[in-house]
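Structure, as structure tokens:
The values are calculated or read from the model by the stated rules, or taken from the named source; none is laboratory data. Predicted model only: the values in this text are computed from it and were never measured. Please note: Cβ atoms are built from the backbone with ideal geometry, for glycine as well, and neighbour counts cover all protein chains shown.
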Amino acid sequence: MAFASSSVAERPFAPATTAGDVSTIVYRSRAVAPLSDQDLQRLMRTAQARNGREGITGVVLYDERQFFQWLEGPEEGVKRVMGSIQNDRRHTDLEVLTHYASPTRRFSGWDMKLAARGANPALWQSDVLEPPRAIIDDLRRRPASAPSLLAKLMPLPVAAGDSPLATSLAGKPLGNTTVSILKDVLLKTVIPLLHHHEPAAADAEDVPVNPRAAELAELLVASDQAASLSLIRELRGKDVEGRHLFAPLFEPAARALGDLWGDDFCSEVEVTLGLCRIQTAVRLLGADTRRSVVSSVQPKVLIVPAPGELHQLVAVLDSEWLWSEGWSPQSEFPATDRALGDLLSASWIDVLDLSLSAAFRRKDSLVRLTETIKQARRASLNPALLVLVGGRTFVEVEGVGTAVGADIVSRTSLNVDRYMVQGMKTVGEGLHCTEQCEDAVG
């Protein structure tokens, strides 16, 4: 499809590939006037002939004058096609959404296929497909997510008898499957941006949120667990500690999952599944993380989701961080306040790490959490028990930690060990959490 705007400023077409790679570009634009089936057909015939000469494949989606196009092929061919697109006056407002190199094509065999709702099949034969309504709705609400949404349009051949999970774990090529597509988007767009901004160590307020965390949330809702597993397999052997993905990517992606639910983009069950996929990634990354060796005695930490809280991601992140620092936290999942009290009365605990959902704000759980903390202090063998709370509501609402009776608010698992040690000193001096304490420690 040869579209673009002559009003768009010329940008250098930066090489994205090395020898043997496939250059991939996804862009969006707006037609200057509505197009009929006949108009679209003429444009498609021209595009298919040109793409066939250049070795270009892909798909274009048209919806209410909006175009979203995926182009892939040799670097020089893609460059020439984009040059033609930039000189076409039939639409405007061109925006390149992603440009990267991939070892394989995603739309092999499609010199260009049109995705449009209600297109007359008699005109198109096999050159048109009906996109799912959900993809159209998602593009209207989140046009920047076009790369992951267009990827869903391709056929999904899977070898008989081979599940994507088994294929990924065996280290075999995933081929043109949903798993492969999602992995490719993650590796080519999300992870490179994350590594570029990755901090070695910083306070929570100094950690840059990855700009693609929201896109990762959408992929988590759309994908299955094999996508995370294949991503982890690709990351193994790289000199990057998995725990440095917690604060800039996993934590904001969890909050973005909650936002998707709030926008009716997904169900609460899908949010929970997305969080579970993050947890799986965290655990597998942790298996390859070098554990620090400590000679001093570390505090005894009990990590629990608040009784009644289904989401465990905050607890998992804190546990993994402490483990990597050489600590030996105790993780439990008490169903009631009494069960939590039994744990605290059975052995000495220095720090109680209580968490609510990383995705939802859970404001309706704060009254119950206040009572949970009161009962925990009464049951504890330690009269100076340090209570740390975490979860989305504590990230976004100031003063909530004080209101529920906590000593420390943790806004991220990053350096949570340091905050615990600092908090124990504060509690030992007879102080409790104030908003200044939250700002200084969380």
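Can Glu325 be described as surrounded by fewer than 20 Cβ atoms within 10 Å (Cβ to Cβ), closer than 23 Å to Arg291 by Cβ and either over 29 Å from the mean Cα position of the chain (by Cα) or in contact (Cβ under 8 Å) with a residue 24 or more places away in the chain (or both)? In short, yes. Condition first: at pLDDT below 90, assigned to a strand (DSSP E or B) and over 27 Å from Ser36 (Cβ atoms). Can you find one or more residues in the stretch 114-133 that meet it? The answer is no, given that none of the residues of the stretch 114-133 is at pLDDT below 90, assigned to a strand (DSSP E or B) and over 27 Å from Ser36 (Cβ atoms). Can you pull out the residues in the stretch 82-110 that are among the hydrophobic types (A, V, I, L, M, F, W, C) and without any contact (Cβ under 8 Å) to a residue 60 or more places away in the chain? Result: Phe107, Trp110.
Considering the conditions (1) in contact (Cβ under 8 Å) with a residue 12 or more places away in the chain; (2) surrounded by fewer than 18 Cβ atoms within 10 Å (Cβ to Cβ), Leu385 is excluded by exactly one of them, (2).
The residues on offer are Arg368, Arg378, Arg361, and the sole one that is under 23 Å from Gln279 (Cα atoms) and either modelled with pLDDT of 95 or more or out of contact with any Leu (no Cβ under 7 Å at 6 or more places or on another chain) (or both) is Arg361. The set of residues from the stretch 246-276 being at pLDDT 85 or above, farther than 16 Å from Leu356 by Cβ and charged (D, E, K, R) comprises Asp259, Glu270.
Every listed requirement among (1) within 26 Å of the chain's Cα centre (by Cα); (2) of a type outside the set (Ser, Thr, Tyr); (3) modelled with pLDDT of 95 or more is met by Glu398 save one, (3).
Out of everything in the stretch 328-350 that is touching a residue at least 40 places away in the same chain (Cβ under 8 Å) and not in a loop (DSSP other than H, G, I, E, B), what residue ends up being surrounded by the most Cβ atoms within 10 Å (Cβ to Cβ)? Spell out the reasoning first.
Going residue by residue through the stretch 328-350, those that are touching a residue at least 40 places away in the same chain (Cβ under 8 Å) are 343-344, 347-350.
In the following step, the residues that additionally are not in a loop (DSSP other than H, G, I, E, B) were identified as 343-344.
Values: Leu343: 18, Leu344: 22.
Out of the qualifying residues, it is Leu344.
Among residues of the stretch 293-319 that are of a type in the set (Gly, Ala, Ser), those with a beta-carbon under 7 Å from a residue that is surrounded by fewer than 19 Cβ atoms within 10 Å (Cβ to Cβ) and at pLDDT below 95 at least six positions away or on a different chain give the pairs Ala315/Ser331; Ser319/Ser331.
Within the stretch 19-61, if we keep just the residues that are of a type in the set (Val, Ile, Thr) and surrounded by fewer than 16 Cβ atoms within 10 Å (Cβ to Cβ), the residue that is farthest from Asp111 (Cα to Cα) turns out to be Val32.
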